Amino acid sequence: MAIKISFITTVFNEEKNVRPLFESLLNQTKLPDEIIVVDAKSTDNTVNALKELGKKFGKVKFSLHSKKGNRSVGRNFAISKAVGNIIVATDAGCSLDKKWLERIVLPFVDPKIDVVAGFYRPVTHNVFEKCLACYTCVMSDRVTDTFLPSSRSVAFRKSAWKKVGGYPENLDTCEDLVFARTLKNADYVFKVQKNAIVYWPQRNNILEAGK
């Protein structure tokens, strides 16, 4: 079966964060077949910013949906609309290495691979952010074949998502790790792709970190 790639992400009041993400997606060495964004009823200028960014993708289908709910609700809704058999996901606020998409989907040429765990690196500008990254991120030298992906850098077969019932919509935090563990427990085959890198800015103070 030919690989068709659906890129998904969710947003909520992300007008300051969507541009770095989608400009880095636009600059990828490989583009997805479609882009699906689910907005959780933003009250700022997120939707207008996305509409303008979407025009830059030319022949790549760019669809924007409105669906109130947490990230699991948004991701499940996006995937339900996807035509691709491979789903790739990241989060608003992040930016992508220019070869992220190319590298994260490469293992799927092997039909035995079901899930690809990409990697993510912290972006820090001060001492607090550097300290915070020690708790929020996994250092590259600690990544092994048992590494469970975050949904800021992951790819999986849509059929696997459907089989396990999707992301757990009852969870507002750690939902992506629970989803990954569910896939692992269902004996789906994982591949760790450390060179498929997403850059993740850290919260810049303790008040922001607590949100």
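The values are calculated or read from the model by the stated rules, or taken from the named source; none is laboratory data. Model, not experiment: these values are computed from the prediction. Ideal geometry is used to build each Cβ from the backbone, glycine not excepted, and the neighbour counts take in all protein chains shown. For the accessible areas, the whole protein counts, side chains as well, though only heavy atoms, and no ligand, DNA or RNA atoms are used. Shrake-Rupley method; radii C 1.70, N 1.55, O 1.52, S 1.80 Å.
Applying 1/(1 + (r/R0)^6) with R0 = 25 Å to the Cβ-Cβ distance of Lys98 and Asp187 gives a FRET efficiency near 0.15.
For Val109, neighbours were defined as the other residues whose beta-carbon sits under 14 Å from its Cβ, and their charges (Lys and Arg +1, Asp and Glu -1) total +3. Projecting label points 7 angstrom from Cα along Cα→Cβ for Lys68 and Asn48 puts them 2.3 nm apart. Excluding same-chain neighbours fewer than eight residues apart, the lysines reachable from Lys194 by a Cα-Cα span under 17 Å are Lys98, Lys99. Please compute the contact order of the chain in relative form: average sequence separation of alpha-carbon pairs under 8 Å and at least six residues apart, divided by the residue count, as a percent. Across the chain, relative contact order equals 26 percent. Site pair Phe147 and Val83 shows an inter-label distance of 3.3 nm when each label is modelled 7 Å from Cα along Cα→Cβ.
For Ser159 and Lys16, the difference between the fully extended length at 0.36 nm per residue and the C-alpha to C-alpha distance is 48.1 nm. Cross-link partners of Lys81 among lysines, defined as those whose alpha carbon lies under 17 angstrom from its own and excluding same-chain residues fewer than eight positions apart: Lys4, Lys61, Lys67, Lys68, Lys158, Lys162, Lys163. Per residue, the solvent-accessible area of the chain (1.4 Å probe, heavy atoms of protein chains only, all protein chains present) comes to 52 Å². For the range 1-87, the fraction of 1.4 Å probe accessible surface lying on carbon and sulfur atoms is 50 percent.
3J(HN,Hα) couplings calculated from phi for the range 145-161 with the Karplus curve 6.51 cos²θ - 1.76 cosθ + 1.60 (θ = phi - 60°) are, in sequence order, 5, 8, 4, 9, x, 8, 7, 7, 7, 8, 9, 7, 6, 4, 4, 5, 3 Hz; Gly and Pro show x. All other residues whose Cβ lies under 10 angstrom from that of Asp44 are scored, Lys and Arg at +1 and Asp and Glu at -1, for a net of -1.
Rounded to the nearest 0.05, the FRET efficiency derived from the C-beta distance between Thr173 and Lys59 at R0 = 35 Å is 0.40.
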